[in-house]
């Protein structure tokens, strides 16, 4: 019986679950050519084709899908072992990765990272700027700052309260176009969309703003890009108050509208709670984020 190389199995598991060689290479801290060779090594060892290319996408073959079902259990077990071991390390120094939205990464985290560097210079901080939910089980990040509570078993979350958001435009844009006539006026007021315009419009309608996806002629999956377009006078965009209020030259175009409530959660894996470096960074993050302006009282921790 052939003995399969665990590195080859791990490379296949990451590629199959993350959907691309580039994402899997980042996850495993490998170069893309190295990862590709490891996947090919598994295919050669098994005498099977596990992926087929469709344009730029990798799609599992039936053999690959069948194999993934068996390997997923091995991969999940390995991730659990890595989490448990990481949580048992008692040294304060080391790497701590923090997953945040791109707007938080750009506008909020620099001053918090400065505090972490001052209070714990032996810790290496990696900021992962993504609007997708990082998989804490697979160590895509150690800590996540998100706007929703943890849902998967094994994760623990501390609710930090609610931040608030509103709609802003540059002073130049307002001087040329005036203020919209309340929330209903946003539909014809060069609203800049975030992510999928249809889903964003659906969310806005849910909070009483009657817009359609077709009303948004500019969109981006990056809130930083949206905010830069707002600053340059290209239209109106939604932004958290603590970011907008620190940006000169922008105006709240709906000052009488009740602010949009946005919950804020600090999430990690239960197995990492015993790690001194994770605990230290969590405490700094919780304190720093609670000091952001206009934050109501927080609720107790929630564990799933």
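The values are calculated or read from the model by the stated rules, or taken from the named source; none is laboratory data. Predicted, not measured: the structure shown is a model, and the values here were computed from it. FYI the Cβ positions are ideal-geometry reconstructions off the backbone, even for glycines, and counts take in every protein chain you see.
Quick notes on this structure:
- Selection from the range 29-73 of residues that are farther than 14 Å from residue 14 by Cβ and in a loop (DSSP other than H, G, I, E, B): 47, 48, 49, 55, 56, 61
- Residue 242 falls short on exactly one of the conditions (1) buried (at least 17 other Cβ atoms within 10 Å of the Cβ); (2) touching a helix residue (DSSP H, G or I) at 6+ places or on another chain (Cβ under 7 Å); (3) modelled with pLDDT of 90 or more, and that condition is (2).
- Residue check for residue 153: part of a loop (DSSP other than H, G, I, E, B) and over 22 Å from residue 104 (Cβ atoms): yes
- Counting only residues that are assigned to a helix (DSSP H, G or I) and either modelled with pLDDT under 85 or within 18 Å of residue 249 (Cβ to Cβ) (or both), the range 169-183 holds 7 of them.
- Scanning the range 24-44 for residues that are out of contact with any helix residue (DSSP H, G or I) (no Cβ under 7 Å at 6 or more places or on another chain) and either closer than 18 Å to residue 5 by Cβ or loosely packed, with under 15 Cβ neighbours inside 10 Å (or both) yields 29, 30, 33, 34, 37, 40, 43, 44.
- Highlighted here are the strands (runs of 3 or more DSSP E) found entirely within the range 218-258 that include at least 1 residues which are in contact (Cβ under 8 Å) with a residue 60 or more places away in the chain and at negative phi: 237-240, 250-252.
- Taken over the range 170-210, the residue count meeting the criterion of being touching a residue at least 60 places away in the same chain (Cβ under 8 Å) and out of contact with any strand residue (DSSP E or B) (no Cβ under 9 Å at 6 or more places or on another chain) is 2.
- With respect to the conditions (1) under 24 Å from residue 161 (Cα atoms); (2) modelled with pLDDT of 90 or more, residue 300 lacks only one, and its number is (2).
- Total residues in the range 49-62 satisfying the condition of being touching a helix residue (DSSP H, G or I) at 6+ places or on another chain (Cβ under 8 Å) and modelled with pLDDT of 85 or more: the figure is 4.
- Qualifying positions in the range 71-116 - exposed (fewer than 13 other Cβ atoms within 10 Å of the Cβ) and at pLDDT 90 or above: 110, 111, 114
- Selection from the range 10-23 of residues that are under 12 Å from residue 68 (Cβ atoms) and either at pLDDT 85 or above or crowded, with 21+ Cβ neighbours inside 10 Å (or both): 12, 13, 14, 15, 16
- Qualifying residue in the range 124-136 (condition: within 21 Å of residue 216 (Cβ to Cβ) and in contact (Cβ under 8 Å) with a residue 12 or more places away in the chain): yes
- Residue selected from the range 248-264 under the condition touching a strand residue (DSSP E or B) at 6+ places or on another chain (Cβ under 8 Å), surrounded by fewer than 18 Cβ atoms within 10 Å (Cβ to Cβ) and more than 17 Å from residue 185 (Cβ to Cβ), by the criterion modelled with the highest pLDDT: 249
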